[in-house]
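Below is one structure, written out as structure tokens; the observations come after it.
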Amino acid sequence: MAKIAINKNGTLGIMENQRLAVNTGVTLSSNLISACLSMIAIIGAIFLFVVEKREVGLLFYLSISLSFTMFLFSIIFGGKGIDIARKKAYQDLLDLDFSKSKFNLQAIFCILGICFCILSYVFTSEKVEKNEEIKTLNENILKMIQLKESEKNQTKELINKVNALESKIKKLETEKSVEKK
């Protein structure tokens with residue numbers, strides 16, 4: 001039995017105001033549940049993007065997992081709050097205090113989920129592209145090959161100079177031996 005009292009000025013009484021207040025809380029909770037579901041989808045997209053484009057570590061995985069978990073808890077507490085409000089409304093016990101704690105927990109967990117999601121990005125760093133690493137390695141190998149070729153050429157020049165000197169020494173030795181005779 002709903003207790004609706006009409007005031008002297010023709011407006012609805014306290015009972016209807018309480019029903020509107022509870023319905024507003026339930027509507028806000030439903031909207032927050034929808035926002036949490038959207039954030040879970042966004043977390044999935046962020047996760048895929050970050051893992052592909054950036055270097056991640058254990059702290060990133062922990063933070064993004066906590067974010068996902070916080071959004072799940074937010075949805076659970078919102079559902080519990082709505083369920084309590086529905087059951088109390090059926091019993092004509094309209095009071096904001098029955099579901100207030102669940103709705104507060106829902107909001108807190110949603111905020112924590114957002115914070116952990118933002119924090120997860122802090123635990124990433126720029127990914128060094130493998131193509132750049134390969135390019136750098138190829139450049140270093142090319143420099144080493146050029147250095148070896150340069151050393152080979154210098155070695156050949158030195159060998160030629162040594163051979164020329166040896167032939168001059170032999171020539172001088174033969175000339176000296178001819179002079180002595």
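The values are calculated or read from the model by the stated rules, or taken from the named source; none is laboratory data. Everything numeric in this text was worked out from a predicted model, so none of it was measured. As a convention, Cβ positions derive from the backbone with ideal geometry for all residues, glycine included, and neighbour counts pool all protein chains shown. The protein model used for the area step is the full one, side chains on, heavy atoms only, and it has no ligands, DNA or RNA in it. Shrake-Rupley method; radii C 1.70, N 1.55, O 1.52, S 1.80 Å.
Go through 67-79, 43-55 and give me the packing order, highest mean Cβ count within 10 Å leading.
67-79, 43-55
What percentage of the solvent-accessible surface of the chain, computed with a 1.4 Å probe over protein heavy atoms, is contributed by carbon and sulfur atoms?
Summing carbon and sulfur atoms, their accessible area is 64 percent of the total for the chain.
Looking only at Asn140, Asn131, Asn160, which one moves most when the chain is put into a Gaussian network model with springs between Cα atoms under 10 Å?
It is Asn160.
Of Ile134, Ile40, which has the most accessible area with a 1.4 Å probe, and how do the rest follow in descending order?
Ranked from most to least accessible, the order is Ile134, Ile40.
What accessible area per residue, rounded to a whole number of Å², is obtained for the chain using a probe radius of 1.4 Å?
Roughly 76 Å² per residue, with all protein chains present.
Only four residue types carry charge here, +1 at the Cβ of Lys and Arg and -1 at the Cβ of Asp and Glu. Report the dipole size of the stretch 55-181 about the Cα centre in Debye, rounded to the nearest 20.
640
Obtain the radius of gyration and the Kirkwood radius of the stretch 68-147 from its C-alpha atoms and give Rg over Rh.
1.61
Going toward the positive end of the dipole of the chain, with +1 on Lys and Arg Cβ and -1 on Asp and Glu Cβ, which of Leu66, Asn153, Cys110 do you reach last?
The residue sitting most towards the positive pole is Asn153.
Given bins 10 angstrom wide, list per bin the percent of all Cα-Cα distances in the chain, short to long.
9, 18, 14, 11, 9, 7, 6, 5, 5, 5, 4, 3, 2, 1, 0, 0
What does the charge count near Glu149 come to, summing +1 for each Lys or Arg and -1 for each Asp or Glu among other residues with Cβ under 12 Å from its Cβ?
+3
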